Amino acid sequence: QVQLVESGGGLVQPGGSLRLSCAASGSIFKIYAMGWHRQGPGKQRELVATITSGGSTNIAESVKGRFTISRDNAKNAVYLQMNSLKPEDTAVYYCNADLQYHYLDIRRYYWGQGTQVTVSS
């Protein structure tokens, strides 16, 4: 029914930039919030950033000032602009969405398949 498709990961040198994209497919009744989490090697999954349909954002302290989250409600898409990347940003980045697929459905969290970001020289 609902799929979150991510793109934009890859290998980048320290100090470089990447932009991640995620789009929710399907006929969706309402998306309340979208965001990004990440899971580094040997680490637990952690919140990176979220954004509501109204544009309110929540950014993790570890990336504040370097990462920016934005959203295109018309496209059911969310973006993560990552600047000044550090080796510790290396992780699989997962898109997630808090949405209601149908007006008779309940709100659910959906996850993308993840995209690898590697920061290394």
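Report relative contact order for segment 4-107 in percent, whole number only (criteria: Cα-Cα under 8 Å, sequence separation at least 6).
Over segment 4-107, the number comes to 37 percent.
Suppose R0 equals 22 Å; then what is the FRET efficiency for residue 44 and residue 75 from their Cβ-Cβ distance, rounded to the nearest 0.05?
After rounding, the FRET efficiency stands at 0.10.
If you project the alpha carbons of segment 46-92 onto their three principal axes, what span does each projection cover, largest first, in Å?
Here the spans come out as 34, 18, 17 Å, largest first.
With every protein chain left in place, what is the accessible area per residue of segment 33-103 in square angstrom, probe 1.4 Å?
It amounts to 48 Å² per residue over segment 33-103.
Which residue fluctuates the most in the chain, going by a Gaussian network model with Cα springs under 10 Å, if the choices are 93, 110, 79?
110
If exposed means no more than 11 neighbouring beta carbons inside 10 Å and the site is in a DSSP loop, what's the longest run of the chain without any exposed trypsin sites (Lys or Arg not before Pro)?
The reported range is 65-121.
Any chance you could look up the accessible area of residue 78 with a 1.4 Å probe, heavy atoms only, rounded to 10 Å²?
Accessible area, nearest 10 Å²: 0 Å².
Kirkwood Rh over Cα pairs of the chain into Stokes-Einstein at 25 °C, 0.890 mPa s: D in µm²/s?
170
Of the accessible area of the chain, with the probe set at 1.4 angstrom, what percent is carbon plus sulfur?
Roughly 48 percent, rounded to a whole number.
Between the alpha-carbon centers of segment 14-41 and segment 73-88, tell me the distance in whole angstrom.
7
Mind checking which of 105, 72, 89 has the largest fluctuation in a GNM of the chain, springs on alpha carbons under 10 Å?
105
Under 29 Å between C-alpha atoms is the cut-off here; go through the chain and count lysine pairs that meet it, provided they're at least eight residues apart or on different chains.
The number of close lysine pairs in the chain is 6.
The values are calculated or read from the model by the stated rules, or taken from the named source; none is laboratory data. Just so you know, these numbers come straight off a predicted model, no measurement behind them. With ideal geometry, Cβ positions are generated from the backbone for all residues, glycine too; neighbour counts draw on all protein chains shown. Heavy atoms of the whole protein, side chains included, go into the accessibility calculation; ligands, DNA and RNA do not. Shrake-Rupley method; radii C 1.70, N 1.55, O 1.52, S 1.80 Å.
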